[in-house]
Amino acid sequence: MAKKKPIKKKRQDSGKTTQLARDVENGAEGLMTTNQGLLINDDQNSLKAGDRGATLLEDFILREKITHFDHERIPERIVHARGTAAHGFFQLYKLMGQYTKAKFLNNTSIQTPVFVRFSTVAGSRGSSDLARDVRGFSVKFYTEEGNYDLVGNNMPVFFIQDALKFPDLIHAVKPEPNNEIPQAASAHNTFWDFISLMPEAMHMIMWIMSDRAIPRSLRMMEGFGVHTFRFVNEKDQSFFVKFHWKPLLGVHSVAWSEAQIISGKDPDFHRRDLFEAIEAGAFPEWELGIQIVAEKDEHSFDFDLLDPTKLIPEELVPVIRIGKMTLNRNPDNFFAETEQVAFHPGHLVPGIDFTNDPLLQGRLFSYTDTQLSRLGSPNFHEIPINKALTTVHNNQRDGHMRQMINTGTSSYNPNTTGGGCPFQAKAAEGGFTSFAERVDAKKIRARSPSFFDHFSQATLFFNSQSDIEKAHIINALTFELSKVDMVAIRQRMLVLLTKIDTGLATKVADALGIKLSDIPEQQLNYSVPADGDPAKFQPKKGKASLATSAALSMANTLKNTIKTRQVAILAANGVDEAALTKMKNALLAAGAQPKIIAPKMGSIKGKRGKVIKVDQSFLIASSVLFDAVYIAGGEESRTALENNTEAIHFINEAYKHCKAICADGEGVDLFIKTDAGVLASARGKHQIGPGIVLNGHANDFIKAISQHRFWDRENEAKVPA
Ligand code: HDE
């Protein structure tokens, strides 16, 4: 019999420990016990009255196990239910004392631990990663002054201006209440009905209908704090601040037709991509950027800084990059960490404070409220992933699942029984003080007139897009509104689109088979005021100070690396192993992740007899899961692939989705015969079109992959794939 290992004492705090300590904690090294610590001798059979007899109620081991199982699920988040997360750290580049006294922004030598959760908003926990949706981008900084949460999104603006409208927005976008259809999609009546009555949503609609809503990877999207926050320095001077996360891999998206296929082929596409990149040591990185506006400049813009449907164009206030976040460790347990983490825009540290953005103010109430019911206790701050690094001392006591064992008789302040402890901290000792903003106003329920320009920045966004990006917005709107079966809703949306750009509206109308001139008067003037009184609420279009902003277009993003890009190498028996190996090594050296795709799993034999391991067969592989394709040479391999319809479809589909394609030797003959090859060749005798590398150098292929996509292929005849 194996010698029993001693059972080590369990640790109370995980999250920032070694792998070994975590293994011990998870019981990997110990023997199996009940939750009371009793060693279990048989986990295969319940206690029965005889071999074939009834199970005995007495079997406390069975009852404990099943009872725990029965209660394993907790309510999913009402929004942002589908998420994935990672651990990492933040390191500052330059001291920020001029603007803020936050300690983690005033020390360049420390690494502040972070936990980051990315999410989609509308779908359930089990929905697809590739839904057209906003992505949540929540960062918990475990600072020496307590937890600071930056709970943002991958788009810098929001649908609504006032928190009171949030339940309406979410009710409208969630599946319809009678039949719970559709899952994780905004393409349905109730969403567009609401939106067509909310002109303030138009700027966000441009973002959500753009390719930003279908990222290639969570590692390739920007993050934004959305609201304007405040920095406060040691002299109690305040500055307005907008937060940005800039990914070092650039900002990239997939195509919409691709997103829909990925949802079936691999609904976990984004979470797998993040998990695998971290496991492979290709740690995702973002730089933290800030836009600073002095208090005196609060009113110097043609929009209101407190309005969350507006961004500050980077051309007006540049983004200063102040530090870098690196994600370098996957969670050990999805439930304990990713599911139980509780973010809150009100988790602040001294030096950071709120503004009066009415959306932000409402959020400050909501997060604790929802976490109380989701996590089932006011003690959720004691769950390891939520615990601050600093020690918690206060007079809060008891409640469900209390972990801390408070000692002594004092649980009130002021006291003498506890020697006066815990004491309040003076501001000089790091005690939090709210920024003393001057307030002199009447209580009212109204929208500030400075919030009424709902269209200028929507137009700015649309005008800043490349032609292809504009076409994608038009297609996305057409797709969504085609799924709306109430004509009046489509018409109202078209009316709103005309206020953004008449060309945009005309193209969408045309695709929907509607003539703008036929829209009835009733819809043209339809307006539901946000505060109930049409006279008080007049959506208008102002004069934006900029015509375009380069930072808003993904066409201008970084295109200088192929790190972590997935490259499919198509091969079969008889492949030219020398060329294949050379290309594979060049791709690996450049940081890409090449995979050999062949007709069958197992291995293939090269033309000189080398045995090559196959990573995926065409049965499970799909071009939409890759960034680029390499077709290796070899006569026998070419013939096998030519007769394999899935291989041909793979190449055609990759071409259709504008990806880089490279072929060598006989692989070139194969490519030229595909529909993709015919189209590419039609471009000219010597020029086969950008993104296609035939018998070229590996570096040409690498350069092509780093361009991400060759979107202008969409302007040619399309491959029927
Ligand atoms: Fe949230 N939001 N939100 N939100 N939000 C939640 O809190 C809410 C808003 C955001 O990874 C909930 O713990 C209201 C803007 C993210 O765990 C809930 C309003 C932005 C996450 C909630 C907003 C966000 C949430 C649901 C309008 C971008 C996921 C579960 C006033 C700046 C956090 C939870 C995670 C989650 C309320 C608007 C970002 C219900 C009332 C604007 C990234 O409390």
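The values are calculated or read from the model by the stated rules, or taken from the named source; none is laboratory data. Keep in mind it's a predicted model, so treat the numbers as computed, not measured. Neighbour counts are summed over all protein chains in view; Cβ atoms, including those assigned to glycine, are modelled from backbone coordinates with ideal geometry. Quick note on the areas: whole protein, heavy atoms, side chains included, nothing else; ligands and nucleic acids left out. Shrake-Rupley method; radii C 1.70, N 1.55, O 1.52, S 1.80 Å.
Roughly how many Å² is the accessible area per residue of segment 559-715, as a whole number, for a 1.4 Å probe?
On a per-residue basis, segment 559-715 sits at 42 Å².
Could you work out the local net charge near Asn45, counting Lys and Arg as +1, Asp and Glu as -1, over the other residues with Cβ closer than 13 Å to its Cβ? Intermediate results must be reported in sequence, preceding the final value.
On the way: positive: Lys48, Arg52, Lys65; negative: Asp42, Asp43, Asp51, Asp59.
Summing Lys and Arg as +1 and Asp and Glu as -1 gives -1.
Taking the alpha carbon gyration tensor of the chain, what are the square roots of 5 times its eigenvalues, largest first, to the nearest whole Å?
Details: eigenvalues 382, 307, 135 Å².
So the three semi-axes of the chain are 44, 39, 26 Å.
Note down the magnitude of the dipole of the chain about its Cα centre, charges +1 on Lys and Arg C-beta and -1 on Asp and Glu C-beta and zero elsewhere, to the nearest 20 debye.
Numbers: 85 positive and 83 negative charges, 248 e Å.
For the chain, the charge dipole is close to 1200 debye.
Going down the table (Lys613/Lys703; Lys563/Lys659; Lys324/Lys387; Lys659/Lys718; Lys559/Lys659), which pairs top 25 Å between alpha carbons?
Details: Lys613/Lys703 27 Å; Lys563/Lys659 16 Å; Lys324/Lys387 23 Å; Lys659/Lys718 14 Å; Lys559/Lys659 14 Å.
The answer is Lys613/Lys703.
Equivalent ellipsoid semi-axes for segment 559-715, as square roots of 5 times the alpha carbon gyration tensor eigenvalues: give them largest first, rounded to whole Å. Mind dumping the intermediate values first?
Numbers: eigenvalues 95, 60, 41 Å².
Result for segment 559-715: semi-axes of 22, 17, 14 Å.
Quick check: the distance between the Cα centres of segment 377-441 and segment 641-664, to the nearest angstrom?
61 Å
So if I take the centroid of the Cα atoms in segment 478-511 and the same for segment 37-86, what is the distance between those two points in Å?
53 Å
Could you work out [θ]222 nm for the chain from helices alone, using -39500 (n - 2.57) per DSSP H run of at least four and dividing by all its residues? Round to the nearest 500 deg cm²/dmol.
Values: 19 runs with 191 residues, N = 721.
Only helices count here, giving -8000 deg cm²/dmol.
With every protein chain kept in the model, how would you rank Arg608, Arg638, Arg63 by accessible area, 1.4 Å probe, largest at the top? Intermediate results must be reported in sequence, preceding the final value.
Working: Arg608 155, Arg638 35, Arg63 110 Å².
Accessible-area ranking of Arg608, Arg638, Arg63, largest first: Arg608, Arg63, Arg638.
Rg and Dmax of segment 130-232, using alpha carbons, in Å: what are they?
Cα radius of gyration and Dmax of segment 130-232 are 15.5, 50 Å respectively.
With every protein chain left in place and a probe of 1.4 Å, what is the accessible surface of Leu197, to the nearest 10 Å²?
For Leu197, solvent-accessible area is about 40 Å².
Among the lysines, select those whose C-alpha is under 17 Å from the C-alpha of Lys541, and discard any that sit fewer than 8 residues away in the same chain.
Of all the lysines, those that pass the test against Lys541 - Cα under 17 Å, at least 8 places apart if same chain - are Lys310, Lys499.
Mind checking which aspartates and glutamates have their C-alpha under 12 Å from Lys605, skipping anything on the same chain fewer than 8 residues away?
Qualifying aspartates and glutamates at Cα under 12 Å: Asp576, Glu577, Glu636.
If you rank Lys582, Lys605, Lys541, Lys174 by how much accessible surface each has, with a 1.4 Å probe, what is the order from largest down?
Ranking Lys582, Lys605, Lys541, Lys174 by accessible area, largest first, yields Lys582, Lys605, Lys541, Lys174.
For the pairs Lys103/Lys540; Lys65/Lys265; Lys595/Lys656; Lys140/Lys174, note any where the Cα-Cα span goes beyond 31 Å.
Working: Lys103/Lys540 43 Å; Lys65/Lys265 35 Å; Lys595/Lys656 21 Å; Lys140/Lys174 27 Å.
Table pairs above 31 Å Cα-Cα are Lys103/Lys540; Lys65/Lys265.
Enter the accessible area per residue of segment 53-123 (Å², integer; probe 1.4 Å; all protein chains in place). Kindly include the intermediate steps, with their values, before the conclusion.
Numbers: 3630 Å² over 71 residues.
Heavy-atom accessible area per residue stands at 51 Å².
Cα centroids of segment 237-279 and segment 668-721: how far apart, whole angstrom?
Rounded to whole Å, the Cα centres lie 26 Å apart.
Leaving ligands, DNA and RNA out of it, report the carbon-plus-sulfur percent of the accessible area of the chain at a 1.4 Å probe.
Working: 18130 of 33860 Å².
Taking all protein chains in place, the chain shows 54 percent carbon and sulfur surface.
Given the options His188, Tyr99, Leu372, identify the residue whose Cα lies farthest towards the positive end of the charge dipole of segment 83-386 (+1 on Cβ of Lys, Arg; -1 on Cβ of Asp, Glu).
Comparing the listed Cα positions along the dipole, Tyr99 ranks first.
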